[in-house]
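All remarks here apply to the structure that follows.
The values are calculated or read from the model by the stated rules, or taken from the named source; none is laboratory data. Bear in mind that the values here come from a model prediction, so they are computed numbers and not experimental data. All Cβ positions, even for glycine, are placed from backbone atoms using ideal geometry, and neighbour counts span all protein chains on display. Side chains are part of the model used for accessible areas, which takes the heavy atoms of the whole protein and leaves out ligands, DNA and RNA. Shrake-Rupley method; radii C 1.70, N 1.55, O 1.52, S 1.80 Å.
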Amino acid sequence: MTGRAEIIAKLEQQALTIRRDILTMVHAAQSGHPGGSLSAADIVTALYFHFMRVDPDDPDWPDRDRFVLSKGHACPVWYSCLAEKGFFPVEELVTLREIDGRLQGHPDMKKTPGVDVTTGSLGQGLSVGVGMALGLKVDGRDARVYVILGDGELNEGQVWEAAMAGAKFGLDNLTAIVDYNNLQLDGHCHEVMPIEPLVDKWRAFNWQVLEIDGHDVAAILGAIEAAQGTLGRPTVIIAHTVKGKGVSYMEGECDWHGRAPDDEQYSQAMAELGADAGELASGLASARKGSPDHAVQQATVESLVPSSGIQALTPGRAGPAPTRDAYGEVLVELGEEIPNLVVLEADIAKSTRTCHFAARFPERFFQFGVAEADMMAAAAGLATTGQIPFASTYAVFGSMRACEQARTFIAYPELNVKIAVSHGGITPANDGVTHQATEDLGIMRTIPGMTVVMPADAYATKALVRAAAAHTGPVYLRFTRDAVPIIYGPDETFEIGKGKVLRQGDDVSLIAIGDMLGVALEAAERLAASGVSAEVIDMHTLKPIDRALVVQTAAKTRRVVTVEDHQIQGGLGSAVAEVLGEELPTKMRRIGLRNTFAESGRYDLLLAKYGMDAGAVAAAVRDLMD
Amino acid sequence: MADEAVVDRLRLKCLDVRRDIIEMVHAGGSGHPGGSLSAVEILTALYFEVMRIRPEEPDWEERDRFILSKGHAAPAIYAVLAERGFFPVEELKTFTAPGTRLQKHIDMHLVPGTELSTGSLGQGLSVGVGMALADRMDGKDRRVYVLIGDGESQEGQIWEAAMTAAQQRLNNLIAFLDYNRCQVDGYVCDICGLEPVEDKWRGFGWHVQRVDGHDLHQILAAVETAQRSEQGPHMIIADTVKGKDISYMENRPEWHARAIAEEEYRVAVADLDSIGRSLARSGGAG
């Protein structure tokens, strides 16, 4: 047993190193998810430094064991293990979430050596693991597949689809490990969406079930060995863990799901994890401070704290605010005014800002957990009884994961459901591609009867959410995660389907939507300085688009540039081109993502890199005028 | 135990409903006979004995709700609604014809008495959860009944809804599983088995009962137990036979969706006539 004890002691030391790396990365980036990374640290360390057959010099070695981090937001723990194992330099860890970097906010298999599959959208990793395990069996390879699941993502039905498939195919080369830290984004699992009796659930799905303390290295080794020795069926290891494990002030604290420590907190954590002075100093020096990220992150953390009341909007036209903040605020006002307004949420209430409504009207707030499809169809059910449901999640999940529910159960029966989503476009900049929604406007616009709206600022948001509540029928409302400038005043009025001319011009029309209205206005300023007169239009309602206004402005300027935080296909550019193609063929340019996904990075830097900033708009105008 | 006279009456009604289903799919030239026939006793018990509904006032505020999550069994619900008086039985002949209200999958805006447009599998239970939440919020003692299929239980959304209903302790939600063991590509156990199905639903926090889905006594008793119980949400797993009572359709997955040819139609009518004669002999017609 001496050998065994040594192995365990070595792994425990390694896990400490991994934990320090996690803190250093998240501190450096001033963004990321420390809590769920720390809870999985002992498990991932045991896998990479004891069990898994991988070759850092040949990351694509076909016989390697596979690792799937289904709870992709915990990627700091994975990056750290990969770096310490030699897949890439440890020094690179501090580039987490940096533009042009290889370490995205959620794992990206095209960028990071050793990452076997891209994740970040919860509930899907086990299905991918099933496919890998099948593929390895087909090829006759004895490699194994390990999938780390979060507890919150067990709310997703797809996990149970995969569980059924894994058992059906008898995948004894597949091991799932549930990082059961009992905390998800909106609170304790048993409050958000109870998953107990968890052992019974997995047994009923015909898996071998083992239950362990996920921080007891000996127990981890024993369970994985047992899984390896089991034939004919997959194994799930339910590992009881502590979120934030190893850092006193993070342990068991929900707030540390997605939040970065400041310098003082970082220093304390590193001391607790046994860092020496040199490591601490270099960690402190690597922080990307003074960046807008830093400010945004801090602001987010503050507004994450469910307030006793609602914070007033920034008075006057002062500075930028995420439009999701205004959504959270107006939702409470509407709750006071409309007794049959109900809110549905999928475990990101603090982030979509429905938490304020939840605090004020608990009896009209329904928490569905990480289960967007179910939430969307339940919203349909509530609507059939005369309620006015607002279903909130992130744009990428609301428009794509629950797309068919929105199409078949909301739009087809013309039910009065408002799909109100945050994190539109690339505004969840640091989070990376999995959390950025750049196809959603096109998807929603294609659905018959769906009204599609994206307000440009906080005041527009308040007014247009009100208009949506008063409108009978389905509406897709899209908000920003990151801050955008305040453009309007509190008394500005808005009407669904009626665009607004913010600036008159003769040479070119800039038609913008949402967070890009500010960009278009800035471009118009620049163009004015060089003698070009640009008309600027806020086309807040993408569908039904204001055809008359599009034609009128095109007739006046004879040149149109659309500006949207979306792929250039399917969204505003397409909608305007359709109108002009039918009514008044006009030369156009379209600003937006051009057949590419973006990446993690600061919002303003991403806009510049992907040709979506004011400079790019001005250049498109000049190109059009040549 | 339900009154024998009630059950006799329901048995006869089931026979009418089966005749209607065969007529519709035959006349329409397409449709889903197998899974319609397996659900007949459940639907007939609900609409002719259990549910508080008003055929003359389909939108009556206090009505119980029914959702046919397996929307392809539309012929069964159309037949039951027509027999119950929501619209003329003669209209059944228009099934899938141009301009008809009776679409191949249910359109709630066209058919009186239907609560939800269905046809995309795996989603009806979530909608039922929403309805049950609303009823509770409004302080109504209405109940929501949902019928799901076995094949669609492979959809994760069913398990999302199962989790939510348990979280919300929706005692006013009663679901049936029409467990006929056949799906489009074959037998459920070969495609992706559900067993141990009772453990699954218990593991997801539901009150579970199991019945013979063609035994009206058992169906009525299970519904009554669910209505009296405070341990909801309630799942009644009904073991059924796909294509029930049509000799050449029973337990045959290929009868999931298929038109009925002339010769097949004559055999089906004869099968049902023979059941009718035996019901008459046993006094069921009395």
- Query: Relative to the longest principal axis of chain A, what angle (0 to 90°, nearest 10) does the C-alpha long axis of helix A:614-625 take?
  - Reply: 50
- Between the alpha-carbon centers of region A:122-146 and region B:60-102, tell me the distance in whole angstrom. 45
- Message: Placing unit charges on C-beta atoms (Lys and Arg positive, Asp and Glu negative, everything else neutral), compute the dipole magnitude of region B:1-116 about its Cα centre in debye, rounded to 20.
- Response: 420
- The alpha-carbon pair-distance distribution computed for region B:34-189, with 10 angstrom bins and whole-percent values, is 11, 41, 36, 11, 1
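Can you tell me the FRET efficiency between B:E262 and B:Y187 if r is taken as the Cβ-Cβ distance and R0 is 41 Å, rounded to the nearest 0.05? Numbers along the way, then the final one.
Values: r = 29 Å, r/R0 = 0.70.
According to the calculation, E is roughly 0.90.
Length gain on complete extension for the stretch A:K111 to A:W61, per 0.36 nm per residue less the alpha carbon to alpha carbon distance?
Numbers: separation 50, 0.36 × 50 = 18.00 nm, distance 1.67 nm.
Residue separation times 0.36 nm, minus the Cα-Cα distance, leaves 16.3 nm.
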- Message: Using only the alpha-carbon atoms of region A:12-163 as identical scatterers, what base-10 log of I(q)/I(0) does the Debye formula give at q = 0.19 Å⁻¹?
- Response: -1.18
- Query: For B:V184, what accessible area in Å² do you get when you roll a 1.4 Å probe over the heavy atoms of the protein chains, rounding to the nearest 10?
  - Reply: 100
- Query: What share of the DSSP beta bridges in chain B is antiparallel, in percent to the nearest 5?
  - Reply: 10
- Gyration tensor on Cα atoms of chain B, a ≥ b ≥ c root eigenvalues, a/c under 1.5 rounded, else prolate if a/b beats b/c, else oblate, says rounded
- Inverse mean reciprocal Cα-Cα distance (Kirkwood Rh) of region A:198-286, Å: 15.9
- Simple label model, 7 Å out from Cα along Cβ direction - A:L284 to B:A97, nm: 8.6
- Task: Specify the angular offset, from 0 to 90 degrees and rounded to the nearest 10, of the alpha carbon long axis of helix A:125-138 from the longest principal axis of the alpha carbons in chain A.
- Result: 60
- For region A:335-449, convex hull of alpha carbons as volume per residue, Å³: 95
- Query: How high is the FRET efficiency from A:E336 to A:D276, r the C-beta distance, R0 60 Å, rounded to 0.05?
  - Reply: 0.60
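To the nearest whole percent, what portion of all C-alpha pairs in region A:143-272 is separated by more than 19 angstrom?
53
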- Task: Place +1 on the Cβ of every Lys and Arg and -1 on the Cβ of every Asp and Glu in the protein assembly as shown, take the dipole about the Cα centre, and give the residue among A:V330, A:P76, A:G166 whose Cα lies farthest towards its positive end.
- Result: A:V330
- Note on the structure: Rounded to two decimals, the Debye log10 I(q)/I(0) of region B:52-98 (Cα scatterers, no solvent) at q = 0.26, 0.32 Å⁻¹ is -1.06, -1.18
- With only Lys, Arg, Asp and Glu charged, each at its Cβ (+1 for the first two, -1 for the last two), find how big the charge dipole of region A:370-521 is about the Cα centre; round to the nearest 20 debye. 260
- Message: I'd like to know how region B:194-286 sits against the 2.2 N^0.38 Å rule of thumb: what's its Cα Rg over that expected value?
- Response: 1.43
- Determine, at each q value in 0.14, 0.17 (inverse angstroms), the log₁₀ of I(q)/I(0) that the Debye formula gives when each Cα of region A:506-560 is one equal point scatterer. -0.35, -0.51
- Rounded to the nearest 0.05, what FRET efficiency is calculated for B:D199 and A:V90 with R0 set to 35 Å and r the Cβ-Cβ distance? 0.15
- Note on the structure: From the Cα centre of region A:175-191 to that of region B:207-286, the distance in Å is 42
- Cα pair distances in region A:180-229, grouped into 5 Å bins until the bin that holds the longest one, percent each: 5, 18, 19, 21, 21, 12, 4, 0
- chain A - share of DSSP beta bridges that are antiparallel (%, nearest 5): 15
- Could you order B:C182, A:C403 so the one with the most accessible surface comes first? Probe is 1.4 Å. A:C403, B:C182
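Would you please classify the overall shape of region A:1-98 from the alpha carbon gyration tensor, given that a ≥ b ≥ c denote the square roots of the eigenvalues, rounded means a/c under 1.5, and beyond that prolate means a/b larger than b/c while oblate covers the rest?
Working: a/c = 1.81, a/b = 1.28, b/c = 1.41.
It comes out oblate by the Cα gyration axes.
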- Of all alpha-carbon pairs in region B:1-96, indicate the percentage at a distance above 16 angstrom. 54
- Query: How many percent of the alpha carbon pairs in the protein assembly as shown exceed a separation of 41 Å?
  - Reply: 42
- Gyration tensor on Cα atoms of region A:488-593, a ≥ b ≥ c root eigenvalues, a/c under 1.5 rounded, else prolate if a/b beats b/c, else oblate, says rounded
- Query: What does region A:208-251 give for Rg and for Dmax, in Å, if only its C-alpha atoms count?
  - Reply: 12.7, 43
- Item | Taking chain A and dividing mean pair separation by its residue count, relative contact order in percent (alpha carbons under 8 Å, at least six apart) | 12
- Item | Label-point separation in nm, B:D273 to A:M625, each point 7 Å along Cα→Cβ | 8.7
- Query: Given the Cα-Cα distance of A:D216 and A:V551 and 0.36 nm per residue of separation, how much length would full extension add, in nm?
  - Reply: 113.8 nm
- Query: Length gain on complete extension for the stretch A:E363 to A:D139, per 0.36 nm per residue less the alpha carbon to alpha carbon distance?
  - Reply: 75.2 nm
- Stokes-Einstein diffusion coefficient of region A:104-170, Kirkwood radius over Cα pairs, 37 °C, 0.692 mPa s, in µm²/s: 256
- 0 to 90° range, to nearest 10: angle between helix A:217-228 axis and chain A longest Cα axis: 90
- Message: Please compute the per residue accessible area over chain A with all protein chains in place, 1.4 Å probe, rounded to a whole number of Å².
- Response: 32
- Task: Go through B:K200/B:K242; A:K71/A:K462; A:K111/A:K245; B:K140/B:K244 and tell me which ones have a Cα-Cα distance over 26 Å in this structure.
- Result: A:K71/A:K462; A:K111/A:K245; B:K140/B:K244
- Message: If you roll a 1.4 angstrom probe over the protein chains with everything in place, what fraction of the accessible area of region A:346-426 belongs to carbon and sulfur, to the nearest %?
- Response: 52
- Hey, what did chain B get for relative contact order, percent, Cα under 8 Å, at least 6 apart? 24
- Length-normalised contact order of region B:39-109 in % [C-alpha pairs under 8 Å, at least 6 apart]: 27
- Item | Within the protein assembly as shown: Cβ-based charge dipole about Cα centre, in debye rounded to nearest 20 (Lys, Arg +1; Asp, Glu -1) | 1240
